[in-house]
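Step one of this worksheet: look at the structure below.
The values are calculated or read from the model by the stated rules, or taken from the named source; none is laboratory data. Just so it is clear, the model here is predicted, and its values are computed rather than measured. For neighbour counting, all protein chains shown are included, and Cβ atoms are generated from backbone atoms with ideal geometry for every residue, glycine included. Please note that ligands, DNA and RNA were not included when accessible areas were found on the heavy atoms of the full protein model with its side chains. Shrake-Rupley method; radii C 1.70, N 1.55, O 1.52, S 1.80 Å.
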Amino acid sequence: MQLVRNWFNKITIERIQLELMNTAYGSGHASLSRLDPRCMLIWYLFFAIAPWFISSINVLAGLFLMMVVTTVLSRVTPFIIVVLCLGLIGQVGWLFIVSLFFGGDISSALPLLKLTLKLSVVSLASITVFSGMDPEKISDGLLALGMPAAFSFSLSYGYRILPVLFEEFRNVMLSYRLRGKAPERTGFLYWRLAAYYIKLLVLSFFPLMLATAKRSRTTVEALETRGFSYGMKNPTAKKLKLSHLTLSARDVLFLSGTAAYTALLFWIG
């Protein structure tokens, strides 16, 4: 019981918001944040697709180790790692249980291990890129690689606004708590309290969606007032915006090292 109470005390919206703020804006001092965003996005594109076509467990294990190193260099917050581990354990765990119900045995664990490694490599690569760069660099990198300006800005905007949405969600939920009443008896394993908070989460979702739509409309109107669409279609303005992007020896060394390590893994595996 005390363990459950401790977990409820630690998982708060304020804690999640703080971790998201650290992820989005606290990575400027990380080693990988100094790399060019185009280099990082190309690197991510390879590791988001290639693992799905690899069946050698040695190669997958080697890629997983490399992703662990890059994740450490990105200084990812513990909250993101915990969410990733829970997701992987839940995804693979229920697949293993289902396989046992349909006549499977312990031998079905090997294909699930391969699937776990593939999911881990793709997930850690995503965390490395999106934690190692701030939203502005991601947007500029996508724009420099030829993605539409609206898509690049939307991705950056969604990444930026996440902490704001959590703040708004917290305010809405607190207003529901002030007007409601928590159950007097918690029940076995606090199930009454858990049901009460789940109900509040669902009720808080709809005002949040309306507030998000209003905020997005205000942002679009403000951008168009400043000539956002015209500026993104003007080659001179686009060139001026991306003039700070430069490929350095560090970027070439990072890509070359990754390519050499991956080639070595394929040769061994």
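Taking region 175-246 as the region of interest, the helices (runs of 4 or more DSSP H) fully inside it that hold 2 or more residues being modelled with pLDDT of 80 or more and loosely packed, with under 13 Cβ neighbours inside 10 Å are 191-225, 235-241. Applying the criterion of being among the aliphatic types (A, V, I, L, M) and surrounded by fewer than 20 Cβ atoms within 10 Å (Cβ to Cβ) to the residues of region 125-163, the residue that is nearest to TYR44 (Cα to Cα) is LEU145. Out of everything in region 247-269 that is among the polar types (S, T, N, Q) and part of a helix (DSSP H, G or I), what residue ends up being nearest to ALA50 (Cα to Cα)? Across region 247-269, the extreme among qualifying residues is THR262.
Run down PHE96, PHE64, PHE166 and say which single residue is in contact with a Leu (Cβ under 7 Å, 6 or more places away or on another chain), among the aromatic types (Phe, Trp, Tyr), open to solvent by less than 60 Å² (accessible area, probe 1.4 Å) and farther than 30 Å from LYS214 by Cβ. Just a single option satisfies the conditions, and that option is PHE96. For GLY104, the criteria (1) in contact (Cβ under 8 Å) with a residue 60 or more places away in the chain; (2) out of contact with any Ser or Thr (no Cβ under 7 Å at 6 or more places or on another chain) hold in every case but one, which is (1). Remark: SER74 falls outside the filter, which requires a residue to be out of contact with any helix residue (DSSP H, G or I) (no Cβ under 6 Å at 6 or more places or on another chain) and within 30 Å of HIS244 (Cβ to Cβ).
Here LEU117 meets the list (1) buried (at least 19 other Cβ atoms within 10 Å of the Cβ); (2) closer than 30 Å to LEU247 by Cα almost entirely, failing just condition (2).
Of THR236, THR212, THR219, all but one fail to be more than 28 Å from the chain's Cα centre (by Cα) and of a type in the set (Val, Ile, Thr); the exception is THR236. Of all positions in region 35-56, none carries a residue that is of a type in the set (Lys, Arg), touching a helix residue (DSSP H, G or I) at 6+ places or on another chain (Cβ under 7 Å) and at pLDDT below 85. Among residues of region 171-187 that are closer than 20 Å to MET209 by Cβ, those with a Cβ under 8 angstrom from a residue that is open to solvent by 50 Å² or more (accessible area, probe 1.4 Å), sequence gap 6+ or separate chain, pair up as MET173/LEU201; TYR176/LEU203. In the condition set (1) closer than 16 Å to PHE47 by Cα; (2) open to solvent by 50 Å² or more (accessible area, probe 1.4 Å), VAL122 is compliant with all but (2).
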